[in-house]
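Here it is, the structure in full.
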Amino acid sequence: MPTSVTAHAASVDETDDRALASIFAAYTITATVWLLFATGVGILLAYKFGAPDFGRGAWLTFGRLRPIHTNATFYGWASIALVGMAYYVAARSSRTVLFSAKLAWIGLALFNVAALAGTIALDLGYNDGNLEYREWPWPIRLVFLAALVVTAWNLIGTVARRRSEDIYLSNWYTIGGVLWTCIVAVVAILPWYQYGLGQVSVSGYYMHNAVGMWFTPLALGIFYYALPKLLNRPIYSYALGVLAFWTNLVFYPIIGAHHFLFSPLPWWLQTTAIVFSVAMLVPVWGGSANFLLTMRGRMRDLAHSYPLMFILVGVIGYLVGSTQGTAEAFRSLQEVWHFTNFTIGHSHLTMYGFVTFAIWGGVYALLPLATGREPGRAGLMLHFWMAVVGSFIYVISLSIGGTIQGLNWKSGVPFIQSVVDMQAYHVWRGVGGSLMFLSHVAFAWNVWRMTYGRCAKIAPVSALPAGRAVA
Amino acid sequence: MNKLLLIAGGSTLVYAVLALVMGVLPGIALSGMPPGPGVEPLTALQSKGRAIYVANGCSYCHTQQVRPLPQDKIFGRPSAPGDFAYQTPELLGSERTGPDLTNIGIRQPSEVWQYIHLYNPRAVVPESVMPAFDWMFRVVDKAPAGVTAIALPKAFAPPVGVVIPTPEAQALLAYLLSLKQPALPGDTASAADVSAVTVGGVTATDASAATPQVGAATPADEHYDAAKAQALFTANCAACHQGTGEGLPGAFPPLKGNAAVNDADATTHIRVVLHGLQGANVGGVVYSSPMPPFAETLDDADIANIINYERSAWGNHGAPVTTQQVAGERAKGK
């Protein structure tokens, strides 16, 4: 093994490695800035539930900040961080250099321009219809689409240069995810078939596909690469990963209408969505089992490795959050939980407990390999525990509060009672959210230390073949 | 390269087909849904108001879809596909931090209430967590001709001057009041046609008021359930008349000490709750806000409960009514 590493390192130009490392670092740094911004806005929003007259005026009103929080999280933080990592994984797992560093930089600029312009537009009141996750005015979403196209081209070009016949599974997920999301974005932008109820059905489709065909595959791509790397053992079952890939692809696009149960959308569309929401258990449980079985018998390593702990939480978040999503799709449960804060708990369990923890695990596992700089253990510890405890408080309080809200409505008490009964849970949400935000400050500090900050250098690992553990 | 083409190209092709079938085709099919009977496009002013509603993200907290579920009955009839013909962008929403607004133009038709509530929701609903939209209003020394200053409670009014709505607030109000569900064919008469009954005699104290029932603080109806009655009052009446029964001076009349509420003959009281009221004269003050009718949304027992609560709370001592009395008045029609 060492011989092949040396031989390979010699064949890859030093400057290319540095280029890849600085691209990875730049994506991670800008994403981290978006994380701090988006969750800072989130704290303000949470505070407004207790003090609605705090932060008055058009620019700070709840209805403008709320889509800023969600879009900045989605398209600023998670998208940019995942794409940066996808580049690193594509080049390293294919044992080659990036197809085009220039395209990667152009993509980064486009992602950031879109997120910045979108944020400003929303704050000025240019909201494209309150349609969830596609609130940015459509020209700005075109910029985001351009960033996706650039990324897809670059990832495909990189993997096309691979040195082995096989394409590592991570790249299936990341390349697939970027290509499918191009389609999602086009379907969302084209206006000709989106009037009235027709737009409702497209909203259902979009809301779920923007999440499930974008964040899910890219985050799973990280698991498939980082886990074998950290544990130095192959993924439990490559075939199971392939099965999860195809079932996720076929089932996920069909379940969007479960966001509109009991709406005037055709009943068959809603029922189809429920059926396939159950079918989603196949890729979710298959994928989760694969990750957990890869970790089997190595729990002692976990205690010594924060990257592994982040990934373990991410896997559990994926398993629990997605299974909860299936449960929520049943009409009997949706009758209670629809429109309540339970939904907010669910979206944080998935976007935070799964996607965000997956990103963190990936960044801590891979960024030091690229830059040769390690974060301090205290910073890792602070980040991990505040994020875990904070998100636990957050999700539990909204799940309980949301259930109370839904039962209140069913029992027929005056509506305002459901607002009053949420107060305590809103406070706990704020407590959890504050811890989460503080953990992001620790993360930002760690990112700084892994990139440009002063710290003990380790030798950067150039072109270490992850494929070794795989084939 | 072939393998790459198979995975990337193959999966993308599969996805494109699914996106077409689950996203685009239902979109095309449902976009052509014709408007239901009585569903009208918005006026220019109402459209402007709808754009303001969207710009400020109102639908992140307010849904506009009534589900065919018992708990949604208070918001109107179940939404029908034809209701959304003119609604682009769609505003069905996914959260009910605040109540559903599908039918708010009927449930809360009072311009005065809507303005006060937009200016600061806590002025009429103390527990509300809705943002104040006070930037859509202006403070002036004196309301210009043709513009009515908003009758804010003292605690919320500016120290000097009066508050008037900007064109933005006027458009938003026009949109909110336009949110009315037309009746579905086959339904009984819709609650949409708010009656303009002017009950001038609300203040008239009838000489025949002296009945043995006066002073009975506890309603006699065996169906009366004090806790339920108070909940019904909170849900349906307290936004204007307030939990104290004192109303808001200059905006909504008091029920505490109200002559019609304390009258031994409950006919007027019952008819106002059933059919609503416009231009109420209470204690010599004329209130311009219309009161919505409750005949369509509440049954006779609930209305009797509410009336008996009002007749026994806050020191009132009107004679209690029975469910049969309400049914009798309902049968007489408007």
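A quick yes/no check of all residues on (1) more than 14 Å from chain B (Cβ to nearest Cβ); (2) closer than 24 Å to A:TYR425 by Cβ; (3) in contact with a Gly (Cβ under 9 Å, 6 or more places away or on another chain):
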site: A:LEU312; (1), (2), (3): yes, no, yes
site: A:VAL320; (1), (2), (3): yes, yes, yes
site: A:THR323; (1), (2), (3): yes, yes, no
site: A:PHE339; (1), (2), (3): no, yes, yes
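Of all residues being outside any strand (DSSP E or B) and touching a Phe, Trp or Tyr at 6+ places or on another chain (Cβ under 8 Å) in segment B:137-156, which is surrounded by the most Cβ atoms within 10 Å (Cβ to Cβ)? Just the residue, please.
Per the criteria, the residue is B:ILE150.
Quick check: is even one residue across segment A:341-359 in a helix (DSSP H, G or I), of a type outside the set (D, E, K, R) and over 21 Å from the mean Cα position of the chain (by Cα)?
Of the residues in segment A:341-359, the ones in a helix (DSSP H, G or I) are A:342-359.
Checking the rest, the ones that are also of a type outside the set (D, E, K, R) come to A:342-359.
Next cut, over 21 Å from the mean Cα position of the chain (by Cα) only: none.
No, the conditions are met nowhere in segment A:341-359.
Scan (1) buried (at least 24 other Cβ atoms within 10 Å of the Cβ); (2) under 30 Å from B:ARG77 (Cβ atoms) for the single condition A:LEU261 breaks and write down its number.
(1)
A:ILE189 - would you say it is under 21 Å from A:ALA146 (Cβ atoms), over 20 Å from the mean Cα position of the chain (by Cα) and without any contact (Cβ under 8 Å) to a residue 60 or more places away in the chain?
When the stated conditions are applied, A:ILE189 passes them.
Another one. List, please: which pairs have Cβ atoms under 8 Å, are six or more places apart or on different chains, and start with a residue in segment B:156-178 that is free of Cβ contacts under 8 Å to residues at least 24 places away in the same chain and end with one that is buried (at least 17 other Cβ atoms within 10 Å of the Cβ)?
If the second residue must be buried (at least 17 other Cβ atoms within 10 Å of the Cβ), the pairs left are B:ALA157/B:VAL163; B:VAL162/B:ALA149; B:VAL162/B:ILE150.
Can you name every residue in segment B:77-88 that is of a type outside the set (D, E, K, R) and either assigned to a helix (DSSP H, G or I) or surrounded by fewer than 22 Cβ atoms within 10 Å (Cβ to Cβ) (or both)?
Within segment B:77-88, B:PRO78, B:ALA80, B:PRO81, B:GLY82, B:PHE84, B:ALA85, B:TYR86, B:GLN87, B:THR88 meet the criteria.
List, please: which pairs have Cβ atoms under 7 Å, are six or more places apart or on different chains, and start with a residue in segment B:234-253 that is more than 15 Å from B:PRO290 (Cβ to Cβ) and charged (D, E, K, R) and end with one that is modelled with pLDDT of 85 or more and crowded, with 19+ Cβ neighbours inside 10 Å?
Partner pairs satisfying both residue conditions: B:GLU246/B:PRO254.
I've got another one for you. Condition first: at the interface with chain B (Cβ under 9 Å from one of its Cβ atoms) and on the phi > 0 side of the Ramachandran plot. Now tell me which residues in segment A:227-278 satisfy that.
A:PHE262
Given A:TRP77, A:TRP153, A:TRP59, which one is in contact (Cβ under 8 Å) with a residue 24 or more places away in the chain and in contact with an Asp or Glu (Cβ under 7 Å, 6 or more places away or on another chain)?
Among A:TRP77, A:TRP153, A:TRP59, only A:TRP59 is in contact (Cβ under 8 Å) with a residue 24 or more places away in the chain and in contact with an Asp or Glu (Cβ under 7 Å, 6 or more places away or on another chain).
Select from segment A:157-166 the residues that are at the interface with another protein chain (Cβ under 9 Å from one of its Cβ atoms) and surrounded by fewer than 21 Cβ atoms within 10 Å (Cβ to Cβ) and list them in ascending order.
First pass over segment A:157-166, keeping only residues at the interface with another protein chain (Cβ under 9 Å from one of its Cβ atoms): A:159-160, A:162, A:165-166.
Selection gives A:ALA160, A:GLU165, A:ASP166.
Has segment B:275-283 got any residue that is surrounded by fewer than 20 Cβ atoms within 10 Å (Cβ to Cβ), touching a residue at least 12 places away in the same chain (Cβ under 8 Å) and within 16 Å of the chain's Cα centre (by Cα)?
Within segment B:275-283 (the criterion being surrounded by fewer than 20 Cβ atoms within 10 Å (Cβ to Cβ), touching a residue at least 12 places away in the same chain (Cβ under 8 Å) and within 16 Å of the chain's Cα centre (by Cα)), the answer is yes, since at least one residue qualifies.
Another one. So which of B:VAL24, B:VAL17 ends up being assigned to a helix (DSSP H, G or I), more than 8 Å from every other protein chain (Cβ to nearest Cβ) and without any contact (Cβ under 8 Å) to a residue 40 or more places away in the chain?
B:VAL17
Determine whether segment A:302-315 contains at least one residue that is part of a helix (DSSP H, G or I) and closer than 18 Å to A:GLY212 by Cβ.
Taking every residue of segment A:302-315 in turn, at least one turns out to be part of a helix (DSSP H, G or I) and closer than 18 Å to A:GLY212 by Cβ.
Now a separate question. Residues of segment B:47-76 being at the interface with another protein chain (Cβ under 7 Å from one of its Cβ atoms) and not in a loop (DSSP other than H, G, I, E, B), which ones?
B:VAL54, B:ALA55, B:CYS58, B:SER59, B:TYR60, B:GLN71
Consider B:VAL112 carefully, then state whether it is closer than 25 Å to B:LEU277 by Cβ, at pLDDT below 95 and either touching a helix residue (DSSP H, G or I) at 6+ places or on another chain (Cβ under 6 Å) or among the basic types (Lys, Arg) (or both). So that I can check it myself, show each step before the final result.
Working: closer than 25 Å to B:LEU277 by Cβ: yes; at pLDDT below 95: yes; either touching a helix residue (DSSP H, G or I) at 6+ places or on another chain (Cβ under 6 Å) or among the basic types (Lys, Arg) (or both): no.
Answer is no for this residue.
The values are calculated or read from the model by the stated rules, or taken from the named source; none is laboratory data. What you are looking at is a predicted structure, and each value in this text was computed from that prediction instead of being measured. Note: ideal-geometry Cβ built from the backbone for every residue, glycine included; neighbour counts use all protein chains shown.
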